[in-house]
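Engineer: A single structure is presented below for examination.
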Amino acid sequence: MKAIQLLEKDRIELRDVPKPEIAENEILLRVRAASICGSDIRMWKNGYKNVTPETPLTLGHEFAGEIAEVGAKIRGYHVGQRVAAAPNIGCGTCDLCVSGNTHLCRNYDAFGISIPGGFAEYVRIPYHAISQGNIAILEEDISYQEAALVEPLSCVYNGQKLLGIRPGDDVLVIGLGPIGIMHIMTAKLFGAGKIFASDLSEERMEKAKELIPDIHLIRGDIREGFKEYGIEGVDVCIIAAPAAEAQAQSLYYMNMNGKLLFFGGLPKDRENVMINTNLIHYNQLQIQGCTKQSISEYRLCAKLVNDKRIPLALIMSDTYEITDYRAAFENAAAARGLKHVITF
């Protein structure tokens, strides 16, 4: 079968690899769609631990497909079933795992991170993923392309649930790539009032306005932009871009009792951020981080997309055959459009 593999820094290749064989307690998934994440691009550009030309890694952790084979000891799933798979697999025995937070396990595995991922024609789903509930059954109304995007959506949902947006809260989203758009969509679901949005790219701001017409765009200096809307700050601010300066400046945009979400990681050479802690103290601010998603959040987001509550189809820019992987990765790396999806 064909698979997109990382071999070393700046080197990915489409290769012929053996089709996985499954044990009696495993499932073989035929991949139908897999979307490119920013972490895939970072692994390509920077390399990744233990990945060498001798020990390559099949990338891809956002994927969906249909079950091709079912092990003899598997119950509840059958050949031909349409499914998506949450990527993070906990050890199953630590305190975090038994509390339902398998995604926070210190000894976790993940498709496309430590085990072969979804940029391949077939993926082996190991027993631990099946037993922990990583497989979500899809309804007919959700396309495979949309289902592949459930993974980043559920990461967004996890962050906003921790953030605690309340009905009527004014929200600012900084960074209008696919994650920022998902944050806007999810904030509306949580009942946000006015939603303001900003990005350094005029093209991305215009695209966000096209997709979600009732957002309020802010160009240039954000505090000056607030004045045009007659406000001094917002109740919630979400930094959906890997920008240290945006994190530091966000404290100045907040109302009293404001909440901030720093979504996503920063580059290693910019991970230490200087912030004004007096603003946190005197304005009683809360800063929230988040990572990955729980299995229950993943399944809930699959249902939200299936029920047409979150229109993920709007975020897909282009689809590609696996043989066109190079164009897909280069477009994603150059931030052209929004989500780029490889289809099978």
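No value in this document is a laboratory result; all are computed from the given coordinates. From a predicted model like this one, the values you see are computed outputs, not experimental measurements. Quick reminder, even Gly has a Cβ in these numbers, built from the backbone with ideal geometry, and neighbours come from all protein chains shown.
Engineer: Be a star and scan region 13-51 for residues whose amide nitrogen sits under 16 Å from the point 7 Å along the Cα-to-Cβ vector of GLU69.
Structural biologist: Label zone hits: 17-31.
Engineer: Taking just the alpha carbons, could you work out the radius of gyration and Dmax for region 155-289, both in angstroms?
Structural biologist: Every Cα atom of region 155-289 included, Rg and Dmax give 13.6, 38 Å.
Engineer: Write down the Å³ per residue value for the convex hull defined by the alpha carbon atoms of the chain.
Structural biologist: So the per-residue hull volume is 136 Å³.
Engineer: For every helix of n ≥ 4 consecutive DSSP H residues, a contribution of -39,500 (n - 2.57) applies; sum these over the chain, divide by its total residues, and give [θ] at 222 nm rounded to the nearest 500 deg cm²/dmol.
Structural biologist: Computed ellipticity for the chain at 222 nm equals -8000 deg cm²/dmol.
Engineer: Still on this structure, I have one more. Which ³J(HN,Hα) values in Hz, rounded to whole numbers, follow from the phi angles of region 319-336 under the Karplus curve 6.51 cos²θ - 1.76 cosθ + 1.60, where θ = phi - 60° and Gly and Pro get x?
Structural biologist: 10, 9, 6, 4, 5, 9, 4, 4, 5, 4, 5, 5, 5, 5, 5, 8, 6, 7
Engineer: Say a paramagnetic label sat at a point 7 Å from the Cα of MET1, along Cα to Cβ; which residues of region 22-56 have their backbone N under 12 Å from it?
Structural biologist: 22, 27-33
Engineer: From the phi of every residue in region 200-205, what ³J(HN,Hα) in whole Hz does the Karplus formula 6.51 cos²θ - 1.76 cosθ + 1.60 yield, where θ is phi - 60° and glycine or proline is x?
Structural biologist: 6, 8, 5, 4, 5, 5
Engineer: Counting only residues 5 or more places away or on other chains, whose amide H sits under 5 Å from the amide H of GLY60 once H atoms are built in the peptide plane?
Structural biologist: GLY118, PHE119
Engineer: Moving on to the next point. Using a simple spin-label model with points 7 Å from Cα along the Cα→Cβ vector, what separation in nm is obtained for LYS19 and LEU162?
Structural biologist: For the pair LYS19/LEU162, the computed spacing is 4.1 nm.
Engineer: So how do 130-138, 272-280 stack up, highest first, on mean other-Cβ count within 10 Å?
Structural biologist: For the peptides 130-138, 272-280, the packing ranking is 130-138, 272-280.
Engineer: Please report the antiparallel percentage of the DSSP beta bridges confined to the chain, to the nearest 5.
Structural biologist: Around 55 percent antiparallel, to the nearest 5.
Engineer: Taking the Cα centroid of region 72-141 and of region 241-304, what is the distance between the two, rounded to the nearest whole Å?
Structural biologist: About 28 Å separates the Cα centre of region 72-141 from the one of region 241-304.
Engineer: Counting Lys and Arg as +1 and Asp and Glu as -1, what is the net charge of the other residues whose Cβ lies under 15 Å from the Cβ of LEU14?
Structural biologist: Charge balance near LEU14 sits at -3.
Engineer: List, in the order given, every pair from LYS209/LYS308; LYS188/LYS292; LYS161/LYS188; LYS207/LYS308; LYS73/LYS308; LYS19/LYS339 whose Cα-Cα distance in the structure shown is over 23 Å.
Structural biologist: Where the Cα-Cα span goes over 23 Å, the pairs concerned are LYS73/LYS308; LYS19/LYS339.
Engineer: In whole Hz, with x marking every Gly and Pro, tabulate ³J(HN,Hα) for region 85-93 from phi via Karplus 6.51 cos²θ - 1.76 cosθ + 1.60, θ = phi - 60°.
Structural biologist: 10, 5, x, 8, 10, x, 5, x, 10
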